[in-house]
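J.: Handing you this structure, nothing more for now.
The values are calculated or read from the model by the stated rules, or taken from the named source; none is laboratory data. These figures come from a predicted structure and were not determined experimentally. For neighbour counting, all protein chains shown are included, and Cβ atoms are generated from backbone atoms with ideal geometry for every residue, glycine included. All accessible areas refer to the heavy atoms of the entire protein, side chains included, with ligands and DNA or RNA removed. Shrake-Rupley method; radii C 1.70, N 1.55, O 1.52, S 1.80 Å.
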Amino acid sequence: MGLWHWIFGKHEPRPPDPDRSAEAAWLPLWQAQLVLHELWEREIPVVMAEDHTSHFRFGAREPMARLFVMEPRLAEAEAVIEELTGYPPAKQGY
């Protein structure tokens with residue numbers, strides 16, 4: 001039962017690691033730039049990476065960007081993004 005439980009059992013969620021970054025959102029490039037500045041204004045450190053592969057996967061019909069924050073600030077950043085866009089932030093899930 002030990003191996004079976006280890007594979008399929010319920011695992012405790014790991015606590016946020018202050019040294020690890022996490023994807024906060026996957027947004028259209030124009031919208032990501034607006035959200036990026038708003039997060040900076042609220043003193044949430046965030047970086048943006050343009051997602052040039054979304055066209056190759058047919059994931060989007062416009063230029064897209066991904067926003068990354070440190071794990072301890074992820075929930076706060078997601079709440080701000082949802083407040084600004086009106087939707088929960090989509091993610092690529094890598």
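J.: Among what's in region 54-75 and is more than 21 Å from Pro18 (Cβ to Cβ) and not in a loop (DSSP other than H, G, I, E, B), pick the residue that is modelled with the highest pLDDT. Please lay out each step first, then the result.
T.: Initially, region 54-75 is screened for residues more than 21 Å from Pro18 (Cβ to Cβ), giving 54-65.
Keeping just the survivors that are not in a loop (DSSP other than H, G, I, E, B) gives 54, 64-65.
Values: Ser54: 65, Met64: 88, Ala65: 92.
This residue is Ala65.
J.: Let me ask another. On the basis of being part of a helix (DSSP H, G or I) and either at pLDDT 85 or above or not polar (S, T, N, Q) (or both), does Trp26 make the cut?
T.: So Trp26 fails the test.
J.: Of the conditions (1) of a type outside the set (Val, Ile, Thr); (2) part of a strand (DSSP E or B); (3) modelled with pLDDT of 95 or more, Glu78 satisfies every one except a single condition; which number is it?
T.: (2)
J.: A follow-up question, please. If we scan region 30-53, do we find a residue that is without any contact (Cβ under 8 Å) to a residue 12 or more places away in the chain, of a type in the set (D, E, K, R) and not in a helix (DSSP H, G or I)?
T.: Within region 30-53 (the criterion being without any contact (Cβ under 8 Å) to a residue 12 or more places away in the chain, of a type in the set (D, E, K, R) and not in a helix (DSSP H, G or I)), the answer is yes, since at least one residue qualifies.
J.: Next question. Mind listing whichever residues of region 10-24 are surrounded by 10 or more Cβ atoms within 10 Å (Cβ to Cβ) and either on the phi > 0 side of the Ramachandran plot or not aliphatic (A, V, I, L, M) (or both)?
T.: First, pick out the residues of region 10-24 that are surrounded by 10 or more Cβ atoms within 10 Å (Cβ to Cβ): 16-17, 20-24.
Result: Pro16, Asp17, Arg20, Ser21, Glu23.
J.: Let me ask another. Regarding Glu50, is this residue within 26 Å of Glu83 (Cα to Cα) and loosely packed, with under 15 Cβ neighbours inside 10 Å?
T.: Values: within 26 Å of Glu83 (Cα to Cα): yes; loosely packed, with under 15 Cβ neighbours inside 10 Å: yes.
Against the criterion (within 26 Å of Glu83 (Cα to Cα) and loosely packed, with under 15 Cβ neighbours inside 10 Å), Glu50 qualifies.
J.: Can you tell me which residue in region 64-92 is nearest to Leu29 (Cα to Cα), limited to those that are without any contact (Cβ under 8 Å) to a residue 24 or more places away in the chain and open to solvent by less than 70 Å² (accessible area, probe 1.4 Å)?
T.: Residues of region 64-92 that are without any contact (Cβ under 8 Å) to a residue 24 or more places away in the chain, as a first pass: 75, 79, 82-83, 86-88.
Those left that are additionally open to solvent by less than 70 Å² (accessible area, probe 1.4 Å): 79, 86.
Values: Ala79: 19, Gly86: 17 Å.
This residue is Gly86.
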